[in-house]
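A short worksheet on the structure shown next.
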Amino acid sequence: MTRWLVSVSAGIAFLAGCDSPVVAEQPDVLTFSDEKAGLKVVYTVGPPIRVDVHSGSVIKFTRSFSGDYRTPNVKFLEINGDVAIDIIVELADESGFEPMILLSRPDGTYTRAAADLDAFVEYANLDTGADSDPAEPYRVVDVDADGINELVFAHLYLGRTLTPNVVLHLNADRSDFEIRPAVGPDAKVEPK
Ligand SMILES: [Ca+2]
Ligand SMILES: [Ca+2]
C-alpha cells in the first residue's frame, strides 16, 4: 500500500465593513495525494459532496452525491491487476464507512465499482459483537489462486445484513465487482 497524504484547503471569506479584514475559515475541500502515482483525490465537503480524481492536471473521475459523512479516509492501492493505482474512498460516519471503490480503466480514467452493493464497514458493532479490525477492515488477496486478486472485507454490512469474510470478485474486464456464491468448505478466508 502506498503512502498517502492529506491536506486541508480553507475557503477564505473577507467580511466587508471592518477596519481590518476578518477571516472566516470554511474548510470545504480535503485533498488526499499519492505522490508516487501522481494522483490526487479532492473531496468537496458540500453539499453536494463531490469526489474528483486528478492525475496531474487532468480530472480522471468526478462524482457528486449527497449524504451525511464525516472526514473521509482515502486509500491508494492496486486492486485490479493493471499496475495503475486504484482508490478506495472511505465515506465515514460515526460507526464506520461506506467503501467507494474506484478502479482504473485502460484509458486512464476511473470507474466506480460495486456501486449497487449498498455495503458498509462497521468498526465496532455492540449489537452483534462483530469483531472488526479498524486497522485492516479489507485487503486485496487472491483467494481462489486464479491469478486475479479479490477484495476481501473482514465484515461488511450488505444492506442490513452483517456478513463476515465477504469476497468481491472482479468481473471479466476488471471494471466492477460481483459476489459469487462460496464454493466448498474452504471458500471462506479468515482475515489475518
Ligand atoms: Ca488498478
Ligand atoms: Ca482470484
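In nm, give the distance between the simple-model label positions of ASP116 and ARG139, each being 7 Å from the Cα along the Cα-to-Cβ direction.
Spacing of the two 7 Å Cα→Cβ label points: 3.1 nm.
How big is the charge dipole of segment 55-107 about its Cα centre, in debye rounded to the nearest 20, if each Lys and Arg gets +1 on its Cβ and each Asp and Glu gets -1 on its Cβ?
So the magnitude is around 200 debye.
Once you have the Cα-Cα distance between SER175 and ARG63, take 0.36 nm times their residue separation minus that, and quote the gain in nm to one decimal.
Working it through step by step, the gained length comes to 38.6 nm.
Under a point spin-label approximation (7 Å from Cα along Cα-to-Cβ), what is the ILE148-ASP28 distance to one decimal in nm?
4.3
Between GLU35 and ARG160, what is the FRET efficiency for a Förster distance of 35 Å, r being their Cβ-Cβ separation, to the nearest 0.05?
So, using R0 = 35 Å, E works out to roughly 0.35.
All of the numbers you see were taken from the coordinates with simple rules; none came from a lab. Note that this is a predicted model, so its numbers are computed, not measured. Cβ coordinates were reconstructed from backbone atoms using ideal geometry, including for glycine residues, and neighbour counts include every protein chain displayed.
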